[in-house]
Amino acid sequence: MSLSLVVAAALSITAAGSPVSKGDYSIDIRGIDFATPSGADEFDARVSRAARRACSSGYVGVRRVTCLQQFRIEAAASLKGEPRDSYLASRPQYVAALADREL
């Protein structure tokens with residue numbers, strides 16, 4: 001899977017071996033204030049929409065749940081700097097999931 005977050009320019013990540021392996025997905029993060037709970041909620045909503053698209057074809061049951069979770073983790077991992085720090089402060093469930101990743 002290649003997930004792009006659109007800021008001023010696109011930031012791409014590649015998740016080799018991820019359950020989400022087909023397609024390119026973009027999440028526009030312009031205008032999101034990650035320092036607020038509503039900003040983190042908005043990011044989650046945008047990620048969820050993209051995850052549902054990415055995991056809709058060929059994934060059922062546990063495989064679909066795994067796909068959705070992995071997509072969300074990849075999206076959180078792709079945030080850098082202040083947006084990442086602010087987002088993770090309000091979403092502790094991702095801190096453990098990202099602990100082994102180089103951010």
Distance between modelled label sites at ARG49 and LYS80, nm, 7 Å Cα→Cβ extension: 2.5
Prolate/oblate/rounded label for the range 49-98 (Cα gyration tensor, a/c 1.5): prolate
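Values quoted throughout were computed directly from the atomic coordinates according to the rules given, and no laboratory measurement underlies them. Keep in mind that what you see is a predicted model, and the values were worked out from it rather than measured. Cβ sites come from the backbone with ideal geometry, for glycine too, and all protein chains shown count toward neighbours.
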